[in-house]
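Right, one structure below, let's go through it.
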Number of protein chains: 4
Amino acid sequence: MLKIGPYTFRSRLFLGTGKYDSAETQNKAIAASETEVLTFAVRRMNIFDETKPDPFESTDVSKFKLLPNTAGAKTAEEAVRIAKMAKAADMCDMVKVEVIGCDKTLLPDPIETLRASEMLLEEGFTVLAYTSDDVVLARRLRELGVHAVMPGAAPIGTGLGIINPYNLQHIIEQSDVPVIVDAGIGSPKDAAYAMELGADGILLNTAVSDAKDPEKMAAAMKYAVEAGRLGYEAGRIEKKFYASASSPTEGLSRV
Amino acid sequence: MLKIGPYTFRSRLFLGTGKYDSAETQNKAIAASETEVLTFAVRRMNIFDETKPDPFESTDVSKFKLLPNTAGAKTAEEAVRIAKMAKAADMCDMVKVEVIGCDKTLLPDPIETLRASEMLLEEGFTVLAYTSDDVVLARRLRELGVHAVMPGAAPIGTGLGIINPYNLQHIIEQSDVPVIVDAGIGSPKDAAYAMELGADGILLNTAVSDAKDPEKMAAAMKYAVEAGRLGYEAGRIEKKFYASASSPTEGLSRV
Amino acid sequence: MLKIGPYTFRSRLFLGTGKYDSAETQNKAIAASETEVLTFAVRRMNIFDETKPDPFESTDVSKFKLLPNTAGAKTAEEAVRIAKMAKAADMCDMVKVEVIGCDKTLLPDPIETLRASEMLLEEGFTVLAYTSDDVVLARRLRELGVHAVMPGAAPIGTGLGIINPYNLQHIIEQSDVPVIVDAGIGSPKDAAYAMELGADGILLNTAVSDAKDPEKMAAAMKYAVEAGRLGYEAGRIEKKFYASASSPTEGLSRV
Amino acid sequence: MLKIGPYTFRSRLFLGTGKYDSAETQNKAIAASETEVLTFAVRRMNIFDETKPDPFESTDVSKFKLLPNTAGAKTAEEAVRIAKMAKAADMCDMVKVEVIGCDKTLLPDPIETLRASEMLLEEGFTVLAYTSDDVVLARRLRELGVHAVMPGAAPIGTGLGIINPYNLQHIIEQSDVPVIVDAGIGSPKDAAYAMELGADGILLNTAVSDAKDPEKMAAAMKYAVEAGRLGYEAGRIEKKFYASASSPTEGLSRV
């Protein structure tokens, strides 16, 4: 079971919303993924701007924990303001701190992310911090008391998969709070890999919403997370340079 | 459904036998994998050498299709002789041609593999040919009429995963018979990756038998194959160099 | 030519000192590398601790620009104190800010690195900041006014090469000051790769000092940097999925 | 020194011809590369087809050893016929056997390559065999007596670099004749890598001819080959998972 702050989850897959072609497709993907956590950008919601559509109009959100993110914020203050808006609308079980520092890569700003996390923790939020895979930055965030760190596999929406498994492994090895791999996952193998490295969960959006068949991809990702987690628990074989017979016949006379 | 020669399979995972600590562990792994095809080295069996134990003594083999391999053969003639022995013992639904040409890497000998495949096809066997990932060699094998080609992901027992996804992709793209990725798989992400590339199935042995918890790893691999297959069918997103917002907020006023 | 602060260099290879078996080997490696910049850990010098040997006793340091680093510092204040010690000893043309935040990976602490850089810039130092490959952190350092950013290829002494060429490329693309790739280089191909990605220079220590033949490896690295730089300037070919004849014979009649 | 059959070379870089924009650019690239071996496709020459231009019209070929290739051949017989044509024109110091088995990847046909090599060896040619990176196939070619094996790094003209360093390393480790890495090199780092793995030389064409500045890229490749070779001889450091201080300060009191 995955525990983040006061919540416990059976599923280790968090799913993004708001990018699907239709509410119907979104609902099918949500169902196929068996996720228990839905994320969304507050600034895209009608709680932020009344003219926006409600992406959850046909979704029974009471069945899920809601994880609004602060996408669009470039400073800690903006992030805090966005988070409070979600709280006020009663749509904030946990908050994902997302403060972007680069328009081309959408990679997070380390300083503003630390500041926003600190401010939101003081306000009593359950904080999950989206961060680069900088090993020491992840430690700094944990020291503040965040409830989970969310290192990116690769920049948002690129589908490049886990570019730096090395850093990810060190972050996981050192962490005493859940590590949720966020951003950059492109396909099921990437999700499985993150979990095999010992991640506690993953957050997906584009990889599912922009797949040719989102519902089927959501199911694929569900199995991938399961596969990776079981693989992590089962303990994989060591890699070797030389082969060893998997059908050993040593000591047998030649035919 | 996967079709090889006269057989149809729901599961796309073939499982090796004979390397587990105990018959009990083997049976648990077989059950957890939900495989329909068991492979084994004829030369390790008591059908070959009466003093050998029967690795299937507590397994109801009638529930499975049996895929004996010719491991230990270094020539086509040896491979044929081993295959016939399996047939005579009524333990040969299909045969995996395995003729090793290098003791250090256990990589297959292209010439003897071609010859053995040709000879066994003439004898009426359903032939699956274990081969390197040489693209033209795979084509040559298909032209002979093999029922499936089995390119290695990496040398047997190394757990290095898919070293050359490029060649694998070309083999799959050109193939009109099933491509079963065989050898070298180390963890679930590797199995998922093979399937995402479009492989029709995978064959595993060491990755499961030598995992710390073989039964759990067998389950992990079952999910990984499912994840990879669904991911292939669902159509993954393209990779990009620059990020794109998965929670797009363009056009919104700043907070 | 490489320009950092007030200095101009023909060579783009900076070489570490203090790790060689003997002063003689160090001097041979320095000569073979044709470097113009020598780096050293102030805390290992007799300017810091009188009982320490002088690693430059047989080296004519007047021929080089000296780049002391603040290795051993865990806070900005420690780094500043170390840098001032080097300056007082007249061994500080430039200073490499190195504030470690993790004992296992020796990866830098982003916050203390920023603080130390700011403090040293105010004191008038020519500052080169050793940093992780966090894209936004590199931008933050540039905004402070550092004279060069030094992202790591991989953790110090690991020889893992460029783990994340993606981040490196973004850092380089966005930078208006020199980018010197520092730490993690294992072999000449890594040095060439960094330069091909557009890095302005590289800093090496372990890869040379711990090679079996340091003098020869220093020469290898010199050529690798040259190769990579020329390759960058020459403009490499695009990668393709399908082959194209390099000895094209299309349109020719068959033999 | 590199020895192939009766020839000895100081340079380990073989250069292709016939793809440059002009004879002038080709000559500049040849000069910058300092190659001693020029390769060319016989079928593109006027020795094969009188209407073809002479790519060497302004090159003093007497300064080089000539390595015609049999590109365009799909069978051993065609390859032999092409090789004999080159010999008859007195343009054949050595011959590169190239028998393509796949139009999309231009990967070689293992069977026809073996046959052509055998036939040409019987005719007394100095034979260099272009092959896939199949480890056992390379051994088979050596057993025939070829004077060098030329495994591809990646398909011709793709610039993908060394896709499978594992196979390459095994081929090199087992070989008692020179291993010249041929095809697929995209940039200097790839050339350096091949040489670091222990290759005896490399053959380039597209990576130089199609670079934005072929002359400069030729120089880059010359240095890359030198760097890789020296790096191989110098003995690189082992890779590590955990960092180790390159400016060790253990045992020192804190500042």
Quick one: which residue in A:LEU128, A:LEU107, A:LEU114 is buried (at least 23 other Cβ atoms within 10 Å of the Cβ), closer than 24 Å to A:GLN169 by Cβ and either of a type in the set (S, T, N, Q) or without any contact (Cβ under 8 Å) to a residue 40 or more places away in the chain (or both)? A:LEU114
Taking the range A:90-102 on its own, how many of its residues are under 20 Å from A:PRO155 (Cα atoms) and part of a loop (DSSP other than H, G, I, E, B)? 3
All helices (runs of 4 or more DSSP H) inside the range D:124-243 with 1 or more residues being more than 7 Å from chain C (Cβ to nearest Cβ) and of a type in the set (Lys, Arg): D:135-144, D:214-234
Among the residues of the range C:80-100, write down those that are within 9 Å of another protein chain (Cβ to nearest Cβ) and under 18 Å from the mean Cα position of the chain (by Cα). C:GLU98, C:ILE100
How about the range D:42-59: which of its residues are under 12 Å from D:ALA86 (Cβ atoms) and at the interface with chain C (Cβ under 10 Å from one of its Cβ atoms)? D:VAL42, D:ARG43, D:ARG44, D:PHE48
Restricting the search to the range C:167-176, which residues are closer than 17 Å to C:GLY201 by Cβ and either surrounded by 24 or more Cβ atoms within 10 Å (Cβ to Cβ) or charged (D, E, K, R) (or both)? C:LEU168, C:ILE171, C:GLU173, C:ASP176
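Residue-by-condition table, conditions (1) under 17 Å from A:LEU204 (Cβ atoms); (2) touching a strand residue (DSSP E or B) at 6+ places or on another chain (Cβ under 8 Å):
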site	(1), (2)
A:ILE111	no, no
A:LEU121	no, yes
A:THR126	no, yes
A:ALA138	no, yes
A:ARG142	no, yes
A:HIS147	no, yes
A:LEU160	yes, no
A:PRO165	no, no
A:PRO178	yes, yes
Could you check A:ALA29 against (1) away from chain B (no Cβ under 12 Å); (2) aliphatic (A, V, I, L, M); (3) not in a loop (DSSP other than H, G, I, E, B) and say which number it fails? (1)
Could you tell me whether the range A:6-21 includes any residue that is assigned to a strand (DSSP E or B), surrounded by fewer than 17 Cβ atoms within 10 Å (Cβ to Cβ) and out of contact with any Cys (no Cβ under 6 Å at 6 or more places or on another chain)? yes
Pick from the range A:48-76, criterion without any contact (Cβ under 8 Å) to a residue 40 or more places away in the chain and part of a helix (DSSP H, G or I), ranking: surrounded by the fewest Cβ atoms within 10 Å (Cβ to Cβ): A:SER62
Taking the range D:155-170 and the residues there that are under 13 Å from the mean Cα position of the chain (by Cα) and on the phi > 0 side of the Ramachandran plot, the one that is modelled with the highest pLDDT would be D:GLY161
Just checking, how many residues over the range C:1-58 are basic (Lys, Arg), farther than 15 Å from C:PRO178 by Cβ and at pLDDT 95 or above? 1
Just checking, which of D:THR113, D:THR105, D:THR39 is in contact with a helix residue (DSSP H, G or I) (Cβ under 6 Å, 6 or more places away or on another chain), among the hydroxyl-bearing types (Ser, Thr, Tyr) and either away from chain C (no Cβ under 14 Å) or not in a helix (DSSP H, G or I) (or both)? D:THR105
Taking only the range B:190-220 into account, find how many residues are under 12 Å from the mean Cα position of the chain (by Cα) and of a type outside the set (Asp, Glu). 11
Options C:MET94, C:MET85, C:MET45: the member that is crowded, with 17+ Cβ neighbours inside 10 Å, closer than 30 Å to A:HIS170 by Cβ and touching a residue at least 24 places away in the same chain (Cβ under 8 Å): C:MET94
Those residues that are surrounded by fewer than 24 Cβ atoms within 10 Å (Cβ to Cβ) and among the acidic types (Asp, Glu), I need them from the range A:131-166; list them, please. A:GLU143
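The values are calculated or read from the model by the stated rules, or taken from the named source; none is laboratory data. These numbers come from a predicted model, not from an experiment. With ideal geometry, Cβ positions are generated from the backbone for all residues, glycine too; neighbour counts draw on all protein chains shown.
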